[in-house]
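Chemist: Before anything else, here's the structure in question.
We did not get these values from a lab; they are worked out from the coordinates using the rules stated. Treat the numbers as computed from the prediction; the structure is a model and nothing was measured.
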Amino acid sequence: MLDELSVIYPYAKAFHVMAVISWMAGLFYLPRLFVYHAERGQAPEPADSFIIMEQKLLRLIMNPAMIATWISGLALVLTPGIVDWSMVWPWTKAACVLGMTWFHMWCAGQRRVLLAGQGQPGRRYRMMNEVPTLLMVGIVLSVIVKF
């Protein structure tokens, strides 16, 4: 099984990069939709538009991209000779990926809170919108610099 992973490694890596790009796009955009929803979504029509956009982004793009990222990432990690677990970088990357997954789940929860009409102020969503950027910096530095 592990030998087969070595054969498909370049494809798994390419698929992983594509999945990460899709997931990150959603993680950057959904909190921005929350800002607009919280600040301008008081009238029925704008709120309906934001609700549809948030739902489709989460269900059709972000959830599948997160799952694809995890599956392809685990395939990469299980490929023999790719990860040296005695180094720090795989652990910092893993911590940042877990943080990214937590943020994804937080966004899904906030969508439900907004649906109930109890969302946070727009400023809070603006601040939270920086979380995936900080985690991305940690992931990229971990993988490229391998500290």
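Chemist: Evaluate the relative contact order of the chain (contact order divided by residue number), counting alpha-carbon pairs under 8 angstrom at least 6 apart; express in whole percent.
Modeler: Relative contact order, the chain: 37 percent.
Chemist: Using the Kirkwood radius built from alpha carbon pairs, what does the Stokes-Einstein equation give as D for the chain at 37 °C and 0.692 mPa s, in µm² per second?
Modeler: Using the Kirkwood radius from Cα pairs, D works out to 199 µm²/s.
Chemist: Using only helices, what value at 222 nm comes out for the chain when you add -39,500 (n - 2.57) per DSSP H run of length 4 or more and divide by the total residues, to the nearest 500 deg cm²/dmol?
Modeler: The helix contribution divided over the chain gives -27500 deg cm²/dmol.
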